[in-house]
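Just below is one structure, and these are the notes that go with it.
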Amino acid sequence: METLLPAADRIARLLKDSGRTLAVSESSAGGLIAASLLSVPGASAYFRAGAVVYTRRARVGLMGITDEAMASMRSSSEPYALLLANTARTRFRADWGLAETGASGPDGNRYGDPAGHACIAVAGDGFERVITLRTGSDRRIDNMRAFALAALEQLEAALHARPLARPA
């Protein structure tokens, strides 16, 4: 967790200073993204919600994403990560959405992605970015940390790419 805290501190400062908010949806990171952001004092100023969307039941129940909405995509993919980021942002009325979905290990997922595969998306303020990360490792805990750190890094880069002004 300590490796995540510097990025979480920088993100918290950017969001608090701009008056912007964030919602998180994660799966293979297992809550580490939300935990790191919530470890910063004053997180209630910018953190709207976080969901660990690890199963179909969680996807439907927490995010309201139906099987019909998933008909043309699969989990652990860039389109799905972007759907999760936008859904989190909209569902929890946040300015920004951050999502991670993948396979932490030690085995790959049922779609043929290896352990260490994750898709990460950031959406907000007319901005969308999605990446695929492959760590090359089957070490579950190491991958969870790597996914969380990559997600925080992508969010921080997005916040710097979009000058943040206080909402009117």
For this session: Determine the pairs where a residue that is at pLDDT 95 or above, located within region 40-62, has a partner that is loosely packed, with under 14 Cβ neighbours inside 10 Å and in a strand (DSSP E or B) with Cβ atoms under 9 Å apart, the partner being 6 or more residues away or on another chain.
Result: none
For this session: May I ask you to list the residues in region 4-48 that are touching a strand residue (DSSP E or B) at 6+ places or on another chain (Cβ under 8 Å) and among the basic types (Lys, Arg)?
Result: 20, 48
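Pull up region 92-104, narrow it to residues that are more than 19 Å from residue 145 (Cα to Cα) and out of contact with any Leu (no Cβ under 6 Å at 6 or more places or on another chain), then point me to the one that is most open to solvent (accessible area, probe 1.4 Å).
First pass over region 92-104, keeping only residues more than 19 Å from residue 145 (Cα to Cα): 92-97.
Right, trim to out of contact with any Leu (no Cβ under 6 Å at 6 or more places or on another chain) and you get 92-93, 95, 97.
Details: 92: 62, 93: 192, 95: 48, 97: 0 Å².
Residue satisfying both the conditions and the ranking: 93.
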Exercise. Given 141, 120, which one is open to solvent by less than 50 Å² (accessible area, probe 1.4 Å), β-branched (Val, Ile, Thr) and closer than 29 Å to residue 9 by Cβ?
Worked result: 120
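The values are calculated or read from the model by the stated rules, or taken from the named source; none is laboratory data. Everything numeric here is computed off the predicted structure, so don't read it as measured data. No Cβ is skipped: glycine too gets one built from the backbone with ideal geometry, and neighbour counts run over all protein chains shown. Each accessible area value is taken on the protein alone, full model and side chains, heavy atoms only, with ligands, DNA and RNA left out. Shrake-Rupley method; radii C 1.70, N 1.55, O 1.52, S 1.80 Å.
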